[in-house]
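Worksheet: the structure to be examined is printed underneath.
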Amino acid sequence: MKKLLLVLILVAPLAAQNFEVGVNISQQNYTSSTAPGFAGHSDPVAFDFDSKTVVAARVGYSWFDMGPALFQVTAAYQPKTDTDLKPNGVTVPTKLGSEYWAIGAMFNFKALVAVGAGVDYRFEKTTKANIFTTTNSYSRPWARVNAGYAFPTPLIKPFIGLEVAAPFTKENDGPKLQVGIYAGVRF
(Lines give C-alpha, C1' and ligand atoms only; values in the text may rest on other atoms or scores of the structure.)
Protein backbone atom coordinates (compact mmCIF):
# COMPACT_ATOMS: atom_id res chain seq x y z
CA MET A 1 0.00 0.00 0.00
CA LYS A 2 2.84 2.39 0.83
CA LYS A 3 4.53 1.64 -2.51
CA LEU A 4 1.30 2.35 -4.41
CA LEU A 5 0.86 5.62 -2.55
CA LEU A 6 4.47 6.58 -3.32
CA VAL A 7 3.96 5.86 -7.04
CA LEU A 8 0.77 7.94 -7.09
CA ILE A 9 2.49 10.85 -5.37
CA LEU A 10 5.35 10.73 -7.88
CA VAL A 11 3.18 10.31 -11.00
CA ALA A 12 0.29 12.65 -10.11
CA PRO A 13 2.22 15.87 -10.84
CA LEU A 14 3.09 14.56 -14.31
CA ALA A 15 -0.53 13.76 -15.12
CA ALA A 16 -1.63 17.12 -13.75
CA GLN A 17 0.29 18.87 -16.55
CA ASN A 18 -2.17 17.48 -19.08
CA PHE A 19 -5.44 19.18 -18.14
CA GLU A 20 -7.20 22.17 -19.65
CA VAL A 21 -10.19 24.14 -18.41
CA GLY A 22 -11.68 26.92 -20.49
CA VAL A 23 -14.65 29.07 -21.41
CA ASN A 24 -15.82 29.76 -24.95
CA ILE A 25 -17.79 32.96 -25.54
CA SER A 26 -19.21 32.86 -29.07
CA GLN A 27 -21.64 34.55 -31.37
CA GLN A 28 -23.98 31.77 -32.51
CA ASN A 29 -25.88 31.99 -35.79
CA TYR A 30 -28.89 29.85 -36.69
CA THR A 31 -30.28 28.33 -39.88
CA SER A 32 -33.12 30.19 -41.55
CA SER A 33 -36.13 28.63 -43.17
CA THR A 34 -39.00 29.67 -45.38
CA ALA A 35 -42.61 28.55 -45.48
CA PRO A 36 -45.36 29.10 -48.01
CA GLY A 37 -47.60 32.08 -47.42
CA PHE A 38 -50.55 31.69 -45.09
CA ALA A 39 -53.72 33.54 -44.11
CA GLY A 40 -54.46 34.50 -47.72
CA HIS A 41 -50.92 35.72 -48.53
CA SER A 42 -49.09 34.12 -51.43
CA ASP A 43 -45.62 35.43 -50.50
CA PRO A 44 -43.37 32.98 -48.65
CA VAL A 45 -42.49 33.76 -45.06
CA ALA A 46 -38.80 33.83 -44.08
CA PHE A 47 -38.16 32.59 -40.55
CA ASP A 48 -34.93 33.96 -39.10
CA PHE A 49 -33.50 33.87 -35.61
CA ASP A 50 -31.35 36.54 -34.00
CA SER A 51 -27.73 35.59 -33.56
CA LYS A 52 -26.96 35.11 -29.89
CA THR A 53 -23.93 35.29 -27.61
CA VAL A 54 -23.49 31.93 -25.92
CA VAL A 55 -21.10 30.71 -23.22
CA ALA A 56 -19.80 27.14 -23.07
CA ALA A 57 -17.44 25.46 -20.60
CA ARG A 58 -14.85 22.99 -21.87
CA VAL A 59 -12.41 20.60 -20.22
CA GLY A 60 -9.64 18.75 -21.99
CA TYR A 61 -7.05 16.09 -21.34
CA SER A 62 -3.88 15.87 -23.41
CA TRP A 63 -3.06 12.35 -24.52
CA PHE A 64 0.01 13.43 -26.42
CA ASP A 65 2.03 16.56 -25.70
CA MET A 66 5.52 16.50 -27.13
CA GLY A 67 7.40 19.38 -28.70
CA PRO A 68 5.06 21.46 -30.81
CA ALA A 69 2.33 18.79 -31.05
CA LEU A 70 -0.59 18.46 -28.65
CA PHE A 71 -3.45 15.97 -29.08
CA GLN A 72 -6.29 16.12 -26.60
CA VAL A 73 -9.77 14.82 -25.92
CA THR A 74 -12.38 17.33 -24.81
CA ALA A 75 -15.81 17.58 -23.25
CA ALA A 76 -18.01 20.68 -23.36
CA TYR A 77 -21.36 21.97 -22.13
CA GLN A 78 -23.39 24.98 -23.24
CA PRO A 79 -26.44 25.77 -21.10
CA LYS A 80 -29.70 26.78 -22.74
CA THR A 81 -29.83 30.22 -24.30
CA ASP A 82 -32.91 31.73 -25.93
CA THR A 83 -33.12 33.81 -29.09
CA ASP A 84 -35.99 35.59 -30.83
CA LEU A 85 -37.89 34.33 -33.89
CA LYS A 86 -38.30 36.96 -36.61
CA PRO A 87 -40.68 36.00 -39.41
CA ASN A 88 -40.00 38.47 -42.25
CA GLY A 89 -37.90 40.55 -39.83
CA VAL A 90 -40.64 41.12 -37.22
CA THR A 91 -39.93 39.94 -33.66
CA VAL A 92 -42.70 37.70 -32.29
CA PRO A 93 -43.13 36.11 -28.83
CA THR A 94 -41.73 32.76 -30.00
CA LYS A 95 -38.31 31.89 -28.54
CA LEU A 96 -35.81 29.33 -29.73
CA GLY A 97 -33.66 27.80 -27.02
CA SER A 98 -30.51 25.83 -27.79
CA GLU A 99 -28.09 23.88 -25.64
CA TYR A 100 -25.58 21.06 -26.07
CA TRP A 101 -23.00 18.85 -24.50
CA ALA A 102 -20.16 17.44 -26.57
CA ILE A 103 -17.19 15.13 -26.67
CA GLY A 104 -14.36 15.72 -29.07
CA ALA A 105 -10.74 15.53 -30.09
CA MET A 106 -8.37 18.37 -30.97
CA PHE A 107 -4.90 18.58 -32.47
CA ASN A 108 -2.88 21.72 -31.74
CA PHE A 109 0.41 22.83 -33.21
CA LYS A 110 2.10 24.97 -30.56
CA ALA A 111 4.16 27.86 -31.91
CA LEU A 112 4.28 31.59 -31.17
CA VAL A 113 0.68 31.57 -32.38
CA ALA A 114 -0.78 28.12 -31.76
CA VAL A 115 -3.19 26.74 -34.36
CA GLY A 116 -5.51 23.79 -33.98
CA ALA A 117 -8.21 21.75 -35.64
CA GLY A 118 -10.60 19.21 -34.22
CA VAL A 119 -14.00 17.58 -34.22
CA ASP A 120 -16.79 17.67 -31.64
CA TYR A 121 -19.72 15.29 -31.55
CA ARG A 122 -22.48 17.46 -30.10
CA PHE A 123 -25.67 16.23 -28.49
CA GLU A 124 -27.92 19.21 -29.15
CA LYS A 125 -31.39 20.18 -28.03
CA THR A 126 -33.53 22.98 -29.40
CA THR A 127 -36.75 24.17 -27.79
CA LYS A 128 -39.31 26.37 -29.51
CA ALA A 129 -41.60 28.06 -27.02
CA ASN A 130 -44.72 30.11 -27.71
CA ILE A 131 -48.23 28.95 -26.75
CA PHE A 132 -46.96 25.39 -27.15
CA THR A 133 -43.46 24.11 -26.52
CA THR A 134 -41.75 21.72 -28.91
CA THR A 135 -38.39 20.11 -28.29
CA ASN A 136 -36.04 18.56 -30.81
CA SER A 137 -32.98 16.53 -29.75
CA TYR A 138 -30.34 15.44 -32.23
CA SER A 139 -26.62 14.82 -32.48
CA ARG A 140 -24.16 15.79 -35.18
CA PRO A 141 -20.44 16.34 -35.70
CA TRP A 142 -18.92 19.83 -35.71
CA ALA A 143 -15.53 20.97 -37.01
CA ARG A 144 -13.51 23.38 -34.85
CA VAL A 145 -10.47 25.47 -35.79
CA ASN A 146 -8.62 27.90 -33.59
CA ALA A 147 -5.61 30.19 -33.34
CA GLY A 148 -4.31 31.60 -30.10
CA TYR A 149 -1.52 32.33 -27.67
CA ALA A 150 -0.47 30.50 -24.50
CA PHE A 151 1.42 32.56 -21.94
CA PRO A 152 4.74 30.85 -21.05
CA THR A 153 4.41 30.60 -17.28
CA PRO A 154 6.00 27.79 -15.24
CA LEU A 155 3.06 25.80 -13.83
CA ILE A 156 -0.30 27.10 -14.96
CA LYS A 157 -0.39 28.21 -18.59
CA PRO A 158 -3.17 30.69 -19.39
CA PHE A 159 -4.25 30.86 -23.04
CA ILE A 160 -6.58 32.88 -25.22
CA GLY A 161 -7.59 32.49 -28.85
CA LEU A 162 -10.13 32.84 -31.61
CA GLU A 163 -12.25 29.78 -32.38
CA VAL A 164 -14.65 29.01 -35.24
CA ALA A 165 -16.98 25.99 -35.22
CA ALA A 166 -19.44 24.77 -37.85
CA PRO A 167 -21.53 21.59 -38.14
CA PHE A 168 -20.99 19.02 -40.87
CA THR A 169 -24.76 18.68 -41.34
CA LYS A 170 -27.68 21.11 -41.34
CA GLU A 171 -30.48 20.90 -38.80
CA ASN A 172 -33.68 22.96 -39.07
CA ASP A 173 -33.65 25.77 -36.50
CA GLY A 174 -30.27 24.55 -35.24
CA PRO A 175 -27.10 26.56 -34.83
CA LYS A 176 -25.09 26.80 -38.06
CA LEU A 177 -21.94 28.68 -36.97
CA GLN A 178 -20.10 29.80 -33.86
CA VAL A 179 -17.33 32.40 -33.86
CA GLY A 180 -15.80 33.49 -30.60
CA ILE A 181 -13.07 33.71 -28.01
CA TYR A 182 -11.81 30.68 -26.14
CA ALA A 183 -9.75 31.27 -22.99
CA GLY A 184 -8.63 29.19 -20.05
CA VAL A 185 -5.66 27.50 -18.38
CA ARG A 186 -3.61 24.37 -18.92
CA PHE A 187 -2.11 22.75 -15.88
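The values are calculated or read from the model by the stated rules, or taken from the named source; none is laboratory data. Remember, predicted model here, so these are calculated numbers, not experimental data. For neighbour counting, all protein chains shown are included, and Cβ atoms are generated from backbone atoms with ideal geometry for every residue, glycine included. Calculation scope for accessible area: heavy atoms of the full protein, side chains included, ligands and nucleic acids excluded. Shrake-Rupley method; radii C 1.70, N 1.55, O 1.52, S 1.80 Å.
Annotations
- The number of residues in the range 139-187 being of a type in the set (K, R) and either farther than 30 Å from S33 by Cα or not in a strand (DSSP E or B) (or both) comes to 3.
- Flag for T126 being part of a strand (DSSP E or B) and either more than 17 Å from N24 (Cβ to Cβ) or open to solvent by 70 Å² or more (accessible area, probe 1.4 Å) (or both): yes
- Breaking point among (1) touching a Gly at 6+ places or on another chain (Cβ under 7 Å); (2) touching a residue at least 24 places away in the same chain (Cβ under 8 Å); (3) open to solvent by 80 Å² or more (accessible area, probe 1.4 Å), for Y121: (2)
- Looking across the range 144-178, the residues that are in contact with a Leu (Cβ under 8 Å, 6 or more places away or on another chain) and at pLDDT 95 or above come down to N146, A147, G148, Y149, V164, A165, A166.
Yes/no per residue for (1) surrounded by 13 or more Cβ atoms within 10 Å (Cβ to Cβ); (2) touching an Asp or Glu at 6+ places or on another chain (Cβ under 7 Å):
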{"residue": "W142", "(1), (2)": "yes, yes"}
{"residue": "T153", "(1), (2)": "no, no"}
{"residue": "K157", "(1), (2)": "yes, no"}
{"residue": "P167", "(1), (2)": "yes, no"}
{"residue": "K176", "(1), (2)": "yes, no"}
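- The criterion of at least 2 residues that are surrounded by 13 or more Cβ atoms within 10 Å (Cβ to Cβ) and at pLDDT 90 or above is met by the following strands (runs of 3 or more DSSP E) wholly inside the range 22-112: 52-66, 69-87, 95-109.
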